[in-house]
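Heads up: the structure comes next, in structure tokens.
The values are calculated or read from the model by the stated rules, or taken from the named source; none is laboratory data. The structure displayed is predicted, hence computed values, not measured ones. A quick note on method: Cβ atoms are made from the backbone with ideal geometry, for glycine too, and the neighbour counts reach across all protein chains shown. Heads up: the accessible areas ignore ligands, DNA and RNA and are worked out on the full protein's heavy atoms, side chains in. Shrake-Rupley method; radii C 1.70, N 1.55, O 1.52, S 1.80 Å.
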Amino acid sequence: MKKLLSLWLLLCTTASASPYQIVIHDEAFSRDSRTLASRIYYPTEAEGPRQNVGANPVFTGIAGQIDAPPAKGTFPLVVFSHGSGGNNTSQAWLAAALVSQGVVVIAANSPGSTTGDSVPAQSINLWRQTEDISALIDAIGASPRWAALVNPHAIGVVGHSKGGYSAIAAIGGRVRLADFIAGCRQRPQSPNCRFYTQARVDLTQVTADRFDADYTDPRIRFAVALDPGMVPYLRPESLHHLNAPLLIIEPQNYLPSEKGSRLGGASLAANGAEQPIRAQRLTRGNHFDFLPICQPNGRKILASEEQEAEVLCATTPAQRAWVHQQTVAAILPFIRPWLPARAENR
């Protein structure tokens, strides 16, 4: 308990010493037939009442002001891409840390792959979530309110799990459907395949041209992938020609109950060529420690709804807080070239 209290005191001290306060705004954007319910996190210098936002019976939220005036100046834009079944609050803890340093963050629910709307037959169309990243950049640039706040030359993307793959795809990483089908036939219960094979999705009916295509967005200047999915299927030649530098953060284990099990994201660092691929391996943690810290009864609630879901809260708050702290400590130096001067000089 003392260790957990010390971690929280450290995080609170860091937040109070940060250059900016956090503001939260909800807005929906449309792309074709997709509605992207988005949460925008942005910096302010104004002092005002803060609310706990994003909390639910399972996960904790973050403290921030609602729709306060933005800080003066322009700031980097970072698009968040959530994991399968995740949502626009799944990495709110990371959004808060970035905003405090002078970053605008936008996170959206990706239809067909989000909380309450996670459908294997739709989620397998991986490219749609990558296209959502570009659509959000388009939407911010087309809005006078947000375009005035964002530096168009400092745009990045951060993704977790499936969203980690989407982040890599957005800077040029490519996969091939034929390889994925072959891999899932050989290992149908592997982490990348299980969601689809258990639902009996017919992978041969997926549109290969769309699955295999290049979704590079040249506006993106940096990418971070938190324990990304699809690692075995990313084509090395595509990784040799990424459009932007990539940071991969890999926890010690994929599942807390399977010591030494990994998705293997850190291995992608060997493919860096035109752009560097950096890998940070954590000495603790698991795939789901990139989610928010769980409420005291979070695990019991998940287990009562679906036994397998309790893995989302299977580790202690202290371990999850440590993973969050280490993740922020790895990301901030990586994105430092794009941070505003005030954060750089703090």
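Please name which of Thr283, Pro57, Val158 has its Cα lying farthest along the dipole of the chain towards the positive end, using unit charges on Cβ (Lys, Arg +1; Asp, Glu -1) and the Cα centre as origin. My answer, from the dipole projection, is Thr283. Listed by chain and number, the aspartates and glutamates placed with their C-alpha closer than 20 angstrom to that of Lys300 are Asp289, Glu308, Glu310; residues fewer than eight positions away on the same chain are left out. With 5 Å bins beginning at zero, the pair-distance distribution over Cα atoms of region 8-127 amounts to 2, 11, 20, 23, 17, 12, 8, 4, 2, 0 %. Over all other residues within a Cβ to Cβ distance under 10 Å of Ile248, the charged ones net out to 0, with Lys and Arg as +1 and Asp and Glu as -1.
For region 256-346, which whole percent of the accessible surface, found with a 1.4 angstrom probe, sits on carbon and sulfur atoms? After summing per-atom areas, the C and S share lands at 48 percent. Shown is the FRET efficiency for Gln51 and Val119, computed with R0 = 30 Å from the Cβ-Cβ distance and rounded to the nearest 0.05: 0.40. Report note on the peptides 177-183, 77-83, 304-310: ranked by the mean count of other C-beta atoms within 10 Å, highest first, their order is 77-83, 177-183, 304-310. May I ask which residue of Phe195, Phe222, Ala178 lies farthest towards the positive end of the charge dipole of region 143-229, with charges of +1 (Lys, Arg) and -1 (Asp, Glu) on Cβ and the Cα centre as origin? Farthest along the dipole direction, towards plus: Phe195.
Just the ratio, please: alpha-carbon radius of gyration of region 190-330 over 2.2 N^0.38 Å, N its number of residues.
So region 190-330 has a normalised radius of gyration of 1.18.
Computed over neighbours whose Cβ is under 12 Å from that of Leu239, the net charge equals 0, Lys and Arg +1, Asp and Glu -1.
222 nm [θ] for the chain, helices only, -39500 (n - 2.57) per DSSP H run of 4+, per residue, to 500? Walk me through the intermediate numbers first.
Values: 13 runs with 111 residues, N = 346.
Result for the chain, helices only: -9000 deg cm²/dmol.
With all protein chains kept in place, the per residue accessible area of the chain amounts to 44 square angstrom at a probe of 1.4 angstrom. A Gaussian network model of the chain, with springs between Cα atoms under 10 Å, assigns the largest mean-square fluctuation among Ile248, Ile22, Ile66 to Ile66.
Have a look at the DSSP beta bridges in region 32-177 and tell me what percent are antiparallel, nearest 5. Could the numbers behind the result be given before it?
Numbers: 9 of 20 bridges.
Antiparallel bridges make up about 45 percent of those DSSP assigns within region 32-177.
Ligands, DNA and RNA excluded, the heavy atoms of Arg278 present near 120 Å² of accessible surface to a 1.4 Å solvent probe. Of Ser90, Ser161, Ser267, the residue with the greatest mean-square motion in the GNM of the chain, using alpha carbon springs below 10 Å, is Ser267.
Is there a quick way to get the dipole size of region 91-175? I mean about its Cα centre, with the Cβ of Lys and Arg at +1 and of Asp and Glu at -1; what is the value in debye to the nearest 20? Could you put the intermediate results ahead of the total?
On the way: 4 positive and 4 negative charges, 21 e Å.
With only Lys, Arg, Asp and Glu charged at Cβ, the dipole is about 100 debye.
If you run the Gaussian network model on the chain, springs between alpha carbon atoms under 10 Å, then out of Asn109, Asn151, Asn297 the most flexible one is Asn297. Each residue of region 20-27 was assigned a 3J(HN,Hα) from its phi angle through the Karplus expression (A = 6.51, B = -1.76, C = 1.60, θ = phi - 60°), giving 10, 8, 9, 10, 10, 9, 9, 7 Hz with x at Gly and Pro.
If eta is 0.692 mPa s and T is 37 °C, what Stokes-Einstein diffusion coefficient results for region 172-232, Kirkwood Rh from Cα pairs, in µm²/s?
Stokes-Einstein gives a translational diffusion coefficient of 251 µm²/s.
Using C-alpha pairs under 8 Å with a sequence gap of at least 6, the mean separation divided by the residue count of the chain gives a relative contact order of 17 percent.
Could you tally the net charge around Glu308, taking each other residue with its Cβ under 13 Å from the Cβ of Glu308, Lys/Arg +1 and Asp/Glu -1?
Numbers: positive: Arg194, Arg299; negative: Glu305, Glu306, Glu310.
Net of charged neighbours comes to -1.
So for region 60-169, taking the charge dipole from beta-carbon charges (+1 Lys/Arg, -1 Asp/Glu), which of Gly112, Ala71, Gln122 sits furthest toward the positive end? The residue sitting farthest along the positive end of the dipole is Ala71. 3J(HN,Hα) couplings calculated from phi for region 107-121 with the Karplus curve 6.51 cos²θ - 1.76 cosθ + 1.60 (θ = phi - 60°) are, in sequence order, 10, 10, 6, 8, x, x, 9, 10, 4, x, 8, 10, 10, x, 5 Hz; Gly and Pro show x. For region 116-205, the share of accessible area belonging to carbon and sulfur comes to 49 percent (1.4 Å probe, ligands and nucleic acids excluded). Given +1 at the Cβ of Lys and Arg, -1 at the Cβ of Asp and Glu and no other charges, the dipole of the chain around its Cα centre is 800 debye to the nearest 20. Amide H to amide H distances under 5 Å link Ile293 with Thr60, where only residues 5 or more positions off or on other chains count and H is placed in the peptide plane. Select one label from (1) 56, 45, 38; (2) 64, 40, 36; (3) 50, 45, 44: the one whose number is Cα extents along the principal axes in Å as derived from the coordinates shown. Given (1) 56, 45, 38; (2) 64, 40, 36; (3) 50, 45, 44, the calculated one carries the label (1). The stretch between Gln186 and Glu308 holds 41.6 nm of extra length on full extension. This uses 0.36 nm per residue minus the Cα-Cα distance.
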